[in-house]
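Quick note: the coordinates plus some simple rules give every number you see, no bench work behind them. Model, not experiment: these values are computed from the prediction. Neighbour counts run over all protein chains shown; Cβ positions are idealised from the backbone, glycine included.
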Amino acid sequence: MTATYARDGAIAIIEINNPPVNAASAALRAGLADAIGRFAGDDLARVAILQCAGRTWIAGADISEFGKPPQPPLLPDVIAQIEAMPKPVIAAMHGTALGGGLEVALGAHYRIAAAGAEMGLPEVTLGILPGAGGTQRLPRLVGLAPAVDLITSARRIGAEEALKIGLIDRIAEGDLNEAAREYAQSLVDAQAGPRPCAAMAPPQIDEDLVAGLRARLAKRYPGQIAQLRAVDSVVEGGLLPLPEGLAQEREKFTELMDSPQRSALIHAFLSERAVAHLPELEGVLPRDLTQLGVIGGGTMGAGIAASALLSGLAVTLTERDRPAADRAAGTVAGILRGAVKRGKITQSRCDAILAEKFTSADSYDALTDADLIIEAVFEKIEVKQQVFSALDRVAKAGAVLATNTSYLDVDRIAEMTSRPQDVIGLHFFSPAHVMRLLEVVAAGKTAPDVVATGFLLARRLGKIGVRAGNCDGFIGNRILTHYRAAADAMVLDGASPYQIDRAVTAFGFAMGPYAVSDLAGLDIGYFTRQRRAPDRHSRDRIPVFADRLYELGRLGRKTGRGYYIHDEDSPGGREDPELADLLTQVRGELGLVEKSFTDDEIVARYMAAMVNEGARVVADGTALRPLDVDVVMLNGYGFPRWRGGPMHWADQYGLASILKDIEGYSREDDHFWQAAPLLRQLVESGRDFADLNRGKTA
Ligand code: 3H9
């Protein structure tokens, strides 16, 4: 039963129950339509309350039904049925009233929300627009500006703000269902009638406001279509009676539903949840996780500590001596103060966290109580090994010992301890209190409950944990190394780093590889190349220009100059006219003939390298499925979300086309450009990465 109908005196109670989030599935829609029908036919019922069981009000349409033939009754029809009721219907919302869920509430005549409820229309984040009346009823109810803000930003608002803009009529003091009954009784007593949005005037369209908004949206969401189509729907609806407004909304919704952007964004949404479902962890309980230890108070260590503190964990951070520990404590406090400034926590909460939950220390002895200890020291195997042999002596039995290495062999670190089963890689991304990705690296001997604890930590920190196997660079950095090598090869052959950055940002990446280098520091890449030098193949192409910049002390933003010039006028960087000379010189020394690349060729090579290595990463089990690769690249490497991740993108582009591209490039360089066997097998058997995600094997 997805909806039940009951009556107490003149008040009908319709309760929706479709765990876990009351998504408006076909069954729920049918149940709701049926219950509304019963209310219509119940002469003794004079008002109905719509309420939800479980942790939330309706969290939206059922996303798992997207892309399948729509099943009646459709949500817009059920909402129209509610709105047309000749007797008042009250929506009583708790938890999150999102998307189609909020649209159901907009179809009701009165709205009350629990104090902690949140409301929003997140459809544009899924590549669609509110398609069950949201773009028509919300502007009628709250006015143009607040409505387009909510619809295009997808932000969630709390009950206070909802009351202020007129989205709800009341906030429940105390128990929501009781408050809803009182509200219902007051409507009965006042003999109040229904108050449908349909009867409200459409909003006045302010052309200037709309033009300004369109310009801002085009700049903020380049390449994305849903935001602008949502504005179109609001604006066109403003000139039409509700039924026609709804009809044009439906048309635009259907058009977006069929778009590749919708499929990419839904893939991202579902994949970000699928990564937590690991068959190996079924029935495995994580270990206790209350007290965290962090070793190293640099940018990464302090970011990890702050992230944990903001999530309610207690943290002890250790540094090599007291002054370093004090400096680290200052960095952590600075991050928390930033959270106060951004309104994430109050000043008093910040003070309480620092006083009660945070300790800085200058000795490992302070870590004896920690349930999980994360090392974030210098990225050198010998240094990390020393830390772990010391940890082995002080950590309590059963403590999880984690390394935050980005590339190094976790097995070699684990072997320094007498308890390799307790050792795991937890690869955070910088800044750790902001970035949502956490690679949970299971080494050869890592125990399943230690992996489960890694995932528990990700959840507690509000991050997305992705399981990765132990190899040089794990999932993300291993793939990065490969597509970065493809970019460097293009630079050696004549492309400008600026052209590459421009081409890949036009594709949708947050940043190009050379702007990223400047941000991270050119020393990082240099040291990685040095470390890998002994394993280098004679045909590997070395980015001599990158070494040359490093040797010139051009380390990127931190020295004011790397690939770009960074100064007060252009902190993000401007092109450096001298770089071209340096590149010409390097190419001359290597005897290379310069050629030109189109932007399309640049993107094709960049993507082919990314997908090819992604296929290898899946084939050797470093990533469980192609979707794990997508989630890593989306959340750690600035891959455009509306393209769904490299593996999803590859399916859309066509695996056969990628294979053909790679075979073409291999005629120039058959060392670097070797098609991954998995890619070839998929093409030969007519399958794609989505098939692998569905559980098929190549
Ligand atoms: C829409 O409404 C279109 C309409 O305008 C027009 C229609 C005509 N459907 O996130 P969690 C699953 S578009 C199906 O881990 P939390 C989720 O996959 C929709 N399933 O929990 C997960 O499954 P599993 C607009 C859904 O507490 C489980 O529920 N609505 C849906 O961290 C728990 O989810 C949205 O975009 C769904 N709509 O967060 C809201 N939502 O356990 C999307 C969740 O198997 N949802 N699931 O992995 C959310 O933002 C969060 O899930 C929510 C709860 C805040 C509700």
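Annotation: lysines with alpha-carbon distance below 28 angstrom to residue 595 (same-chain offsets under eight excluded): 660. Sparse packing (at most 15 other Cβ atoms within 10 Å of the Cβ) combined with a DSSP loop state is found for the following trypsin sites (Lys or Arg not before Pro) in segment 245-338: 320. Once each part is reduced to its C-alpha centroid, what is the distance from segment 548-585 to segment 377-427 in angstrom? A separation of 37 Å, based on Cα centres.
Pairs exceeding 25 Å between alpha-carbon atoms, taken from 357/396; 252/463; 380/558: 252/463. Rounded to two decimals, the Cα radius of gyration of segment 552-698 over 2.2 N^0.38 Å is 1.29.
Between 0 and 90 degrees, the angle of helix 599-619 with respect to the longest Cα principal axis of the chain falls at about 90 degrees. Converting phi to 3J(HN,Hα) with the Karplus coefficients 6.51, -1.76 and 1.60 and the offset θ = phi - 60°, segment 318-332 yields 10, 10, 6, 8, 4, x, 5, 5, 5, 4, 4, 4, x, 5, 4 Hz in sequence order, with x at every glycine or proline. Normalising the average separation of contacting C-alpha pairs (under 8 angstrom, six or more residues apart) by the number of residues puts the relative contact order of the chain at 9 percent. Computed from phi, the 3J(HN,Hα) profile of segment 438-445 under the Karplus parametrisation 6.51, -1.76, 1.60 (θ = phi - 60°) reads 9, 7, 9, 9, 8, 7, x, 10 Hz, with x in place of Gly and Pro. Extents of the chain, largest first, come to 88, 59, 54 Å (Cα atoms, principal axes, whole angstrom). Among the trypsin sites (Lys or Arg not before Pro) in segment 159-223, none is located in a DSSP loop while being surrounded by at most 10 other Cβ atoms within 10 Å of its own Cβ. Dividing the convex hull volume of the alpha carbon atoms of segment 446-586 by its residue count gives 149 Å³ per residue.
Here residue 383 and residue 537 are evaluated by their C-beta separation; at R0 = 30 Å the FRET efficiency comes out at 0.60.
Rounded to the nearest 500, what is the chain's calculated 222 nm mean residue ellipticity when only DSSP H runs of at least 4 contribute -39500 (n - 2.57) each, over all residues?
-15000 deg cm²/dmol
So which GluC sites (Glu not before Pro) in segment 576-614 are both in a DSSP loop and have at most 16 other Cβ atoms within 10 Å of their Cβ?
Passing sites in segment 576-614 are 578, 594.
Selection among 426, 345, 31 by position relative to the dipole of the chain gives 345 as farthest towards the positive end (Cβ unit charges, Cα centre).
Our note on the geometry: Cα centres of segment 170-194 and segment 229-255, 32 Å apart. Listed values for segment 125-141 are Karplus-derived 3J(HN,Hα) couplings in whole Hz (6.51 cos²θ - 1.76 cosθ + 1.60, θ = phi - 60°), namely 6, 9, x, 10, 10, x, x, 10, x, x, 7, 9, 7, 4, x, 5, 7, and x replaces Gly and Pro. Each listed q (0.08, 0.12 Å⁻¹) maps to a log10 I(q)/I(0) for segment 3-258, found by the Debye formula over equal Cα scatterers with no solvent: -0.28, -0.64.
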